[in-house]
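Here is the structure we will look at.
The values are calculated or read from the model by the stated rules, or taken from the named source; none is laboratory data. Predicted model, so just to flag it, every value in this text is computed and none were measured. Counting neighbours? That spans all protein chains shown, and the Cβs are built from the backbone with ideal geometry, glycine included.
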Amino acid sequence: MSNDLILKAVNVNKKFKIEKSIFSMENAYIDVLKNVSLDLERGQILGIAGESGSGKTTFAKIISGLINFDSGEIIIDKKNISEYSRRELARKVQMIFQDPFSSLNPKLSVGTTVYEAMDVKNDRAGRAIEILKSVGLPEDSLQKYPHQFSGGQRQRIAIARALASEPELIIADEPVSSLDISIQAQIMNIFFDLKDKLKLSYIIILHDLNLLAAISDNIAIMKNGEVVEYGKSEEIINNPGNPYTQKLISSIPVMP
């Protein structure tokens with residue numbers, strides 16, 4: 001295995017506070033992540049699967065710098081995440097959310113959305129057009145607003161915004177679950193094309209374990225805030241060791 005890791009997470013823990021009730025004056029906490037340890041080699045795809053509430057999105061938001069964690073260690077490109085400024089981390093890691101409409105500001109044009117994520121000042125329009133073309137959108141999209149696009153097109157805009165800061169790691173949280181089947185394949189193909197062209201690494205979170213196994217180098221299965229199984233995609237699918245993983249795999253529809 002290569003030692004060129006874009007991400008190394010060691011024993012990451014996170015608790016969320018539960019609001020006080022009229023029956024208790026003490027704060028209560030829930031463990032959202034418990035000793036999560038995962039690696040991602042540069043240029044590879046790490047797939048994460050698990051039921052809702054398993055901690056997948058919380059882990060993704062921590063890696064993206066959107067929320068803090070309580071304990072553990074996260075190294076991104078050989079540097080502790082705490083040593084990055086928010087802007088520096090955005091140049092390394094970008095996150096793409098499940099619902100592109102809610103993640104895009106409806107008051108901003110596509111051009112402004114992409115410009116705001118850029119570091120370059122000169123020829124921003126030219127660079128934005130280049131990015132839009134790379135995700136399959138025409139250059140006249142710059143002047144339009146999110147409500148003028150379909151769901152699949154809005155997800156392409158979200159990808160374009162993520163690319164604008166020239167990150168090395170992209171985290172996609174259920175990026176196709178709200179899209180039609182025919183559009184899902186197009187979006188996943190964009191991820192693959194950009195991976196090779198821009199030398200990107202990915203963390204992709206999906207409920208569809210079948211699809212996740214097809215696109216990922218390694219898979220982590222999460223349950224109740226813990227990684228219960230982690231390894232090569234083919235090994236996880238063909239020889240799952242954890243009962244929960246076995247249950248997930250047995251629920252995959254079999255094509256007639």
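So here's what we get for this one:
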item	result
Enumeration of residues in the stretch 161-212 that are surrounded by fewer than 17 Cβ atoms within 10 Å (Cβ to Cβ), under 28 Å from Pro240 (Cα atoms) and modelled with pLDDT of 90 or more	Asn189, Phe192
Residue in the stretch 99-121 that is in contact with a His (Cβ under 7 Å, 6 or more places away or on another chain) and at pLDDT below 95 present	yes
